[in-house]
Amino acid sequence: MDWVSVLLVNLGVLCVGFLVLWVITIFRKDATIVDAYWALGMVILAVSTTLQTGFSDRNLLLLGICAVWGLRLAGYMYWRMLDHGPDRRYQKMFERLKKDRNWGFATSSLIAVILTQAPLQYLVSLPVQLGQIDAEPAALGALAWVGAGIAVFGIIFECIADWQLTRFRKTPGNEGKVMQAGLWRYSRHPNYFGEALTWWGLYLIAAETQTGLWSFVGPAFLTWTLAKWSGAPTMENRMRRQKPDYAAYVARTSGFVPWFPKKA
């Protein structure tokens, strides 16, 4: 199939998935579940592409790595939703939209969440879509295996960061304190860094094909989003307000790419 047909079919799959998700948010009166679907939806798009284009070694490698990353992260985010309850970010946003624009929950969820998240998911997942379309080269080359190694390392890195943060938060006496041990000693957002690595690795697998080469916009946008837009900046603004020690942590710790902390 040509790339236009594949992307159009996947666009339909994306729309159906987010339509169902929108109905779920209305039923629950809570949009927190969208965070879990962010990763799961990418797996669905990867599966849709494989079913359309075939089960080549490259397609299975892209699908397999994406599935491991996406199912792990979706499961973690779903558990966190059950453990922490509704995300206050969404609640505050809906309250503001109700006050400023008189939007009800369904309208706010559709416009501010669903119609924002859907195109971003489609864009970021381009490596596992475009990378599966070309039949040539049939064999996986050195670039693909390097990409697979980077992606697997990114998944492991993100898993460790999430595990360390969860353990820290569950330890009695740590409430109000700043996590600054383990991977968090070298980066203020090691989980985001691991996620970016994963998608750059998937891009390298895709980049051995002519069509997949153009999918760099996906990981590039994801990296910018995590480091400069809705990821790290949103988190840090909240942390600065809630935790007095966070400013000192920022002063000595790398913002995104892990590096040795600065001396006091």
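Taking the Cα centre of the chain as origin and assigning +1 to Lys and Arg Cβ atoms and -1 to Asp and Glu Cβ atoms, the resulting dipole is close to 1640 debye. Looking at the range 139-218, the trypsin sites (Lys or Arg not before Pro) that sit in a DSSP loop and have at most 16 other Cβ atoms within 10 Å of their own Cβ are LYS177. What the phi angles of the range 88-99 give under the Karplus curve with 6.51, -1.76 and 1.60, with θ = phi - 60°, is a coupling list of 5, 4, 5, 4, 5, 5, 5, 4, 5, 5, 5, 6 Hz, glycine and proline written as x. Estimated at 0.36 nm per residue, the fully extended path between TRP259 and LYS243 surpasses their Cα-Cα distance by 3.5 nm. A Stokes-Einstein calculation at 4 °C with viscosity 1.567 mPa s, built on the Kirkwood radius of the range 72-225 over Cα pairs, returns a diffusion coefficient of 72 µm²/s.
Dimensions of the range 199-264 based on its C-alpha atoms, expressed as ranges along the principal axes with the largest first, amount to 50, 24, 11 Å. Annotated for the chain: lysine pairs at least 8 residues apart or interchain, Cα distance under 30 Å, count 27. Computed over the chain with a Gaussian network model linking Cα atoms closer than 10 Å, the most mobile of GLY147, GLY75, GLY131 is GLY75. Fraction of C-alpha pairs exceeding 18 angstrom in the range 2-137: 57 percent, rounded to a whole number.
Across the range 24-39, rounded Karplus estimates of 3J(HN,Hα) from the backbone phi angles (6.51 cos²θ - 1.76 cosθ + 1.60, θ = phi - 60°) give 5, 5, 5, 4, 7, 6, 7, 9, 4, 5, 4, 5, 6, 6, 3, 7 Hz, Gly and Pro being marked x. In this structure the amide hydrogen of SER125, modeled in the peptide plane, comes within under 5 Å of no amide hydrogen from residues 5 or more places off or on another chain.
From the alpha carbon centroid of the range 40-73 to that of the range 199-264 is 24 Å. Relative contact order for the range 120-264: 35 percent, from Cα pairs under 8 Å spaced at least 6 residues apart, divided by residue count. Taken one residue at a time, the phi angles of the range 134-141 give Karplus couplings (6.51, -1.76, 1.60, θ = phi - 60°) of 6, 7, 10, x, 6, 8, 6, x Hz. Gly and Pro are set to x.
Bear in mind these aren't lab numbers, they're just calculated from the coordinates by the rules spelled out. The model shown is predicted, which means the values in this text are computed figures rather than measured ones. Note: ideal-geometry Cβ built from the backbone for every residue, glycine included; neighbour counts use all protein chains shown.
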